[in-house]
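The values are calculated or read from the model by the stated rules, or taken from the named source; none is laboratory data. All values derive from a computational prediction rather than experimental measurement. Neighbour counts are summed over all protein chains in view; Cβ atoms, including those assigned to glycine, are modelled from backbone coordinates with ideal geometry. Accessible surface is based on the protein model in full, side chains and every heavy atom, while ligands, DNA and RNA are left aside. Shrake-Rupley method; radii C 1.70, N 1.55, O 1.52, S 1.80 Å.
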Amino acid sequence: MKKDCIAMLLAGGQGSRLYVLTENMAKPAVPFGGKFRIIDFPLSNCTNAGIDTVGVLTQYRPLELNSYIGSGQPWDLDRDDGGVHILPPYQSATGASWYKGTANAIYQNIGFVDMYDPEYVVVLSGDHIYKMDYADMVAAHKKAGAACTIAVMEVPWSEASRFGIMSVDGEDNITEFAEKPKEPKSNLASMGIYVFTWSKMRECLIRDENDPNSENDFGKNIIPMMLNAGEKMIAYRFAGYWKDVGTLDSLWDANMDMLATGSGLDLFERSWPIYGRSTSAPPAMLGKNSSVEHSVVTRGCVVDGKAENSVLSENSAIEDGATVEYSILMPGAVVKKGATVSYAIIGEDTVIGENAVIGCRPDGSEGWGVTVVGPETDVPGDYKLAANHMLNKNLKEVAR
Amino acid sequence: MNGLHGIIFSYEKEPGLRELVEHRMPASIPFGGRYRVIDFMLSNMQNAGITDVGVVLHGNYQSLLDHVGNGKTWDMSRKYGGLRMLPPFADNRKYRSGEEFEGKMQALAGVRSYLQQIRQDYVVLADSDLIINIDLADVFAAHLQSKADITCVCTPNYRQTENATFFQLGEDNKVVKTLCGPKKPEGYHCLEIYILSKDLLLRLVDQCEAEEKISFRSDVLNGMGDQFDIRGYVFNGLAAQIRTVKEYYDRSMDMLDPRVYRELSTAAHPIRAKEDDETPTYIAPESSCTNTLVADGCIIEGTVENSVIFPGVKVAKGAVVRNSILFKNASVEENAEVSYVIADKNVQIRRGSHLNGHENYPMAISKNSVI
């Protein structure tokens, strides 16, 4: 039963900045890139890195996520010894409480981690798109003899104040941590990916829980606490593609990055596959009069109209005379005859009625932005949804 | 519990399939951009609620074992029941005619101990090389209602098939005449899906073995037809047996017909295939891909028309693919052109090559060839 290293995946967040897309599901369950969901990335990274035990901490609207993960078989995580475990908040003899923060979520599951008695625990987020070898990061952690290793990447100095910023010495020992600093002293941003030596982490979680003023958050509380205690903490530099898809704009961007060869997001590279749960749809059918350019299509897509610079997910359809450009059709979305979808995200199983116009190209105006239609929305024919607007399934336009 | 048990027969060689069966059995030929032929019958059985299926193996069955695995794809990886692969000589004896069985009854005699242990009262026998999306639960209901001894699925829509069986149906769809491999087809084309009770099946297996009879259709349906109440179940949908390269090509092209595509991929009765774990397909700017079925993991930069494209295929800039079928990981390099070609797995059509088959004689290119 003893494991060298296990992973704890924080998947309980609501993802409120994805608005209508997460009204009914947790952020990690949001579809990405045609046939994946966001959580496929950390789960596939785990299995590719040889981490065979993963605790998934769920809280907000877990149904979709739980049924998607199931036994863990698509990621080869259906194991008798280890495997994927869904860990929701629970009631104990002394009462019940929701996960108060990221650190509290793991605190409440100390019993789960102890069951595997690991030397190291990798803490991951369920809202990042990236391919990363956690084994290499754990090796760096071991080599340095660190209590905590934090994955960082260089960001442009102009954007540094949006991130948690690490200052390091010449050997990448972390000397200072500042959450969204106004005047950043470094441009190394935390990616929210941590490796802890479990014995140290366990102590810190208990100490943090006993502090009534703590928000029980890794970034805000645990990391500063360990720094102040003089623990050895190192930065692990990562240079590949990484994107936090916690906002509508970043979700749209990351999908578009799949199409851009220079973006660094290469899902065709086969040495580090991303796995997802399979559906039984047939291959994509591109009709006689269809026109598809610079786009991705996947099983179950039926295209009779036009698609350009777009991501068409499983079982999505574009009918005759309809046009989709610079947009994401999530699984099962249908664009009816003559409709136009431009710079938009169309939610799962949503139908865009005939001749409707959703979003528009960037027109230089200040209020322009990506247009979003929530899942399971039946948009009537001839409906016009302006740029930067959102529509939910009750056909209510909501402000972003 | 569902009272129906599935038995699927696989055959080693169909000489008419030429290059397509050099490295595999007919049951594991790729079809329709994503499937193997046997996926259809396994899915039909799964969709009818059948939980226990035996696949009678024949000859060199490694490729079939690799594909079917433990049956997980069809939810048949079960602790109790589920999918069982039945190699020849399961009963540890030789077939009278030599190394391998030559007919269904002989094959069944070879797995008699398995048949004995079937826990359902009825058995459906089917071939592994039939492309069909049929509601077997409805066939079973019709069988029970008619109180027939044997129900045979047949179709009025005749398609060219080598060595086919035909029925003439009388009142209440009773089979009044069976013709095996007639020169001129007439009546209903038998799709070689049969439902009968386990008891009758065992009796027939024993009787045929004692009388050295080997074939279900000629020795049972034809030879003992007058002893039993044999009924036809008329199926009007798409059904295709694949026994020659030409049949394979034509049925593959039929998949481009939106009506056929919808029938085979209806959400109510999905056909399930082993997960390919490929990323979505990328279609580049200034390329064209029309009237084509395209699987995941492909990169299309050239022109593709009227074709069926399997996972991981690459069509480079300036390349033209028309009326062709490209199997997994095939590649057509820059400025190469192919038409009426079936390129097997990993085939590379090098830069600038031109390959043309003919509508009546599609060119099949063996696995791993470099041209």
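Quick look at the numbers
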quantity	calculated
The range B:4-264, accessible surface, carbon-and-sulfur percent (1.4 angstrom probe)	44
Net charge over other residues, Cβ less than 9 angstrom from the Cβ of B:Phe31 (K, R count +1; D, E count -1)	+2
Those aspartates and glutamates that a straight Cα-Cα span of less than 20 Å connects to B:Lys183, excepting residues fewer than 8 apart in one chain	B:Glu14, B:Glu162, B:Glu192, B:Asp219, B:Glu247
Check: chain B dipole with +1 on Lys, Arg Cβ and -1 on Asp, Glu Cβ, in debye	340
Computed FRET value (nearest 0.05) for A:Lys142 with B:Asn60, which takes r as the C-beta separation and R₀ as 45 Å	0.40
Selection from A:Ser71, A:Phe32, A:Asn45, by position along the positive dipole direction of the range A:32-92 (Cβ)	A:Phe32
Residue-count net charge about A:Glu215 - beta-carbon cut-off 12 Å; Lys, Arg +1, Asp, Glu -1	-3
Per-residue SASA entry for B:Lys72, accessible area with 1.4 Å probe, Å² rounded to 10	90
In nm, spacing of pseudo-spin labels at A:Asn309 and A:Asp253 (7 Å Cα→C-beta vector)	1.6
Cα gyration tensor category, rounded, prolate or oblate, for the range B:4-264 with a/c compared to 1.5	rounded
Share, in percent, of DSSP beta bridges within the protein assembly as shown that are antiparallel, nearest 5	35
DSSP beta bridges in chain A [antiparallel fraction, %, rounded to 5]	35
Charge dipole (debye, nearest 20) of the range A:203-338; +1 at Cβ of Lys and Arg, -1 at Cβ of Asp and Glu	500
The range A:16-149: C-alpha gyration tensor shape, a/c 1.5 cut-off, then a/b vs b/c	oblate
Gyration tensor verdict on the range B:282-365 (Cα atoms; rounded if a/c is under 1.5, prolate if a/b is larger than b/c, oblate otherwise)	rounded
Unsatisfied cross-links (Cα-Cα over 18 Å) in the set A:Lys336/A:Lys384; A:Lys243/A:Lys393; A:Lys35/B:Lys274; B:Lys147/B:Lys213; A:Lys27/A:Lys243; A:Lys142/A:Lys232	A:Lys243/A:Lys393; B:Lys147/B:Lys213
At most 14 other Cβ within 10 Å, DSSP loop - chymotrypsin sites (Phe, Trp or Tyr not before Pro), the range B:113-163	B:Tyr158
For chain B, the longest site-free run once GluC sites (Glu not before Pro) in DSSP loop states with at most 12 other Cβ atoms within 10 Å are removed	B:100-185
Euclidean distance between Cα centres, the range B:251-296 to the range A:315-377, Å	22
Positive-pole candidate from A:Ala147, A:Ser161, A:Pro181, dipole of the range A:142-206, charges at beta carbon	A:Ala147
Cα long-axis angle, helix A:134-144 against chain A (0 to 90 degrees, to the nearest 10)	20
Folded to 0 to 90 degrees: helix A:198-209 orientation relative to chain A principal axis, Cα	80
In the range B:115-183, the trypsin sites (Lys or Arg not before Pro) that fall in loop regions by DSSP, at most 15 other Cβ within 10 Å	B:Arg119, B:Lys147, B:Lys183
Farthest positive-ward along the protein assembly as shown dipole, Cα basis, beta-carbon charges - from A:Leu267, B:Gly170, A:Leu312	B:Gly170
Selected from B:Phe310, B:Phe235, B:Phe31 as most flexible by GNM, with chain B as the system and alpha-carbon contacts under 10 Å	B:Phe235
Dipole magnitude of the protein assembly as shown about its Cα centre (Cβ charges: Lys, Arg +1; Asp, Glu -1), debye to nearest 20	780
With all protein chains modelled, accessible area of B:Cys154 [1.4 Å, Å²]	0
Expected-Rg normalisation [2.2 N^0.38 Å, Cα atoms] applied to the protein assembly as shown	1.08
Helix A:248-257 vs. chain A, principal-axis angle (Cα, 0 to 90°, nearest 10)	80
Beta bridge orientation in the range B:4-264: antiparallel %, DSSP, nearest 5	55
Nearby aspartates and glutamates by direct alpha-carbon distance to A:Lys220 (threshold 14 angstrom, same-chain neighbours under 8 apart not counted)	A:Glu176, A:Glu179, A:Asp208, A:Glu209, A:Asp211
